[in-house]
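The values are calculated or read from the model by the stated rules, or taken from the named source; none is laboratory data. Worth saying up front: this structure is predicted, and the values here are computed from it rather than measured. Cβ placement follows ideal geometry from the backbone for every residue including glycine, while neighbour counts extend to all protein chains displayed. Quick note on the areas: whole protein, heavy atoms, side chains included, nothing else; ligands and nucleic acids left out. Shrake-Rupley method; radii C 1.70, N 1.55, O 1.52, S 1.80 Å.
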Amino acid sequence: MIASQFADLSERIFPKLQNIVEKERGSVNGGKQRTYLHKTMLRKVYSADQKWTSASVDTTYVKADIVSLNSPLPIKRRDSIAVASGTLPKHGMKKEMEESDINTINIMKANGTEWTQIATKLANAPVACAVGLDESNEACFLSGLSEGVVAVEDKNNVGTALRINFGYLKKNGFGVATKDELTLDDIEKVIDYASQQGDTITKIMMSDIKYRKLRQTKGAKELVANYNGQVFNDSTSLPVPTASRFDEAFADQYGGVKIERVNRTVYSEKNGKRVPYKPWSENRVIYLTTDMVGSLVWGNLAEKTAPVSGVVYSTVDEMKLISTFRTTDPLTETTAGQMLALTVIENVDSIYYQDTTIEDDAAMRADENAEVATVAAAPAAASRAAAKKTTTVTE
């Protein structure tokens, strides 16, 4: 790598890159808001050792016993602790400017084209890399929250992935009465169960497709009709309620619980082919007791502490390292974006989930005392697990 042909221009752009990126990711296609749930539902946490940990305590509060004077106090069993941990994965991408693009900018410079036009063209790649890293975090977050598991591509082993399991508790998992259908009775079952465990559900997250089907159910129509004070019987043909009216009636019926629809598309690219996909599992419904569900854990890259001579660097959002450099044969200007980060789901003991592909959830929660594997494995065991690029869940 050698210094960029436009190093002088990049050094003028990069100090302003943070602001440029924030403006760009705030809209798509000239105005549509780009949503990032991981930015609002996770705390940002710096990890000096580049490790992440997700711990939860399966707590049940029991009443104290009444004992006579001079009697020993009764011993209660301790709550179980679950820990998932591992090494932060590396995310990265590159954008290349070929000879034809380089010539275009050189011609613009020679003709005295305004600086803003040149800057806009040069900033395209750095912005794309920075936003691309945001997209990677969002995909990992939505997949991890809906499934309890996320697969992150391993950059050191092409075609393989790092599978991270946050250890969702079996006892917090539910199915539905009828496979592939979600009804208000199914939802009520989870809300009531969580209440029995001492948790209050405040938000339910589901795919937009699942939400639309829910509004079309008989229970949803009758819920809104009752909320509107409408008189009806079994032969009454009730219309599908509007989303706003259904949300109002649902919150009124279930103590203010909100439904959040997830309809997020992320584009991946392999061998030049871009493929859209939705990281949120369509078959999963997630029940939360709080909007804050974990941490965005990040660490410093080696290249940030040992920069390469001639390369122009910029840091965006503390964790993203954007760099520009030049290579030859053929002449290419390359912009790279990389980060060490992971969206970590925490306090999984307070997260409840429903799989609409499972009709009978008895097997899912057969043993309520065996949610996660045993914990507190020796440090050596944890090191071996990290070396294998897997994560362990212990209790």
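Would you please give the FRET efficiency between ASP329 and GLU260, computed as 1/(1 + (r/R0)^6) with r the Cβ-Cβ distance and R0 = 51 Å, to the nearest 0.05?
That gives a FRET efficiency of 0.50.
Compute the Cα gyration tensor for the stretch 302-358, then decide on rounded, prolate or oblate, letting a ≥ b ≥ c be the square roots of its eigenvalues: rounded whenever a/c is under 1.5, prolate when a/b is larger than b/c in the other cases, and oblate in all that remain.
prolate
Is the shape of the stretch 225-295 rounded, prolate or oblate, going by the alpha carbon gyration tensor and its root eigenvalues a ≥ b ≥ c, with a/c under 1.5 for rounded and a/b larger than b/c for prolate?
In terms of gyration-tensor shape, oblate.
Order these peptides, 142-149, 87-94, by their mean beta-carbon neighbour count within 10 angstrom, highest first. Intermediate values should be presented prior to the final figure.
Details: 142-149: 22.8, 87-94: 18.9.
So the order, starting with the most tightly packed, is 142-149, 87-94.
Between VAL149 and GLU22, what is the label-point separation in nm under the 7 Å Cα-to-beta-carbon projection?
Label-label distance for GLU22 and VAL149, simple model: 3.9 nm.
Taking the Cα centre of the stretch 271-324 as the origin, how large is its charge dipole in debye, to the nearest 20, when only Lys and Arg (+1) and Asp and Glu (-1) carry charge on their Cβ atoms?
300 debye
Once you have the Cα-Cα distance between THR236 and GLU181, take 0.36 nm times their residue separation minus that, and quote the gain in nm to one decimal.
Fully extending the segment from THR236 to GLU181 adds 17.6 nm.
Around LYS51, which amide H atoms from residues at least 5 apart in sequence, or from another chain, sit under 5 Å from its own amide H, with H modelled in the peptide plane?
LEU88
Just check the stretch 252-335 against the gyration tensor rule for me: Cα atoms, a ≥ b ≥ c as the square roots of the eigenvalues, rounded for a/c under 1.5, and otherwise prolate or oblate depending on whether a/b exceeds b/c. Before the final figure, lay out each step's value.
Numbers: a/c = 4.51, a/b = 1.99, b/c = 2.27.
Here the stretch 252-335 falls in the oblate category.
Taking amide hydrogens as modeled 1.01 Å from N in the peptide plane, which residues meet the under 5 Å criterion relative to THR332, leaving out close sequence neighbours?
THR327
What ranking, highest mean first, results for peptides 127-137, 289-299 when packing means the other Cβ atoms within 10 Å averaged over each residue?
Sorting 127-137, 289-299 by mean packing, highest first, produces 127-137, 289-299.
Can you give the FRET efficiency to the nearest 0.05 for ASN124 and THR305, using r as the Cβ-Cβ distance and R₀ = 35 Å?
0.80
According to a simple spin-label model (label point 7 Å from Cα along Cα-to-Cβ), what is the distance in nm between GLU248 and ASN106?
Going from the ASN106 label point to the GLU248 one covers 6.5 nm.
On a C-alpha basis, how far is the centre of the stretch 196-244 from the centre of the stretch 297-350 in Å? Whole number, if you could?
Computed from Cα coordinates, the inter-centre distance equals 46 Å.
So for the stretch 138-246, averaging the separation of alpha carbon pairs under 8 Å that are six or more residues apart and normalising by length, what relative contact order in percent results? Kindly include the intermediate steps, with their values, before the conclusion.
Details: 76 pairs, mean separation 16.5, N = 109.
Over the stretch 138-246, the number comes to 15 percent.
Give the residue from VAL297, LEU331, PHE232 lying farthest towards the positive end of the charge dipole for the stretch 205-333; charges sit on Cβ (+1 for Lys and Arg, -1 for Asp and Glu) and the dipole is referred to the Cα centre.
Among VAL297, LEU331, PHE232, the one farthest towards the positive end of the dipole of the stretch 205-333 is PHE232.
Could you sort the peptides 204-215, 333-344 by per-residue average Cβ neighbour count (10 Å cutoff), highest mean leading? All intermediate terms of the calculation are to be shown ahead of the outcome.
Working: 204-215: 20.0, 333-344: 24.6.
Taking the mean over residues of other Cβ atoms within 10 Å, the ranking is 333-344, 204-215.
Compute, for GLU99, the solvent-accessible surface of its heavy atoms (probe 1.4 Å) with the complete set of protein chains present, and express it in square angstrom to the nearest 10.
Counting only protein heavy atoms, the figure is 100 Å².
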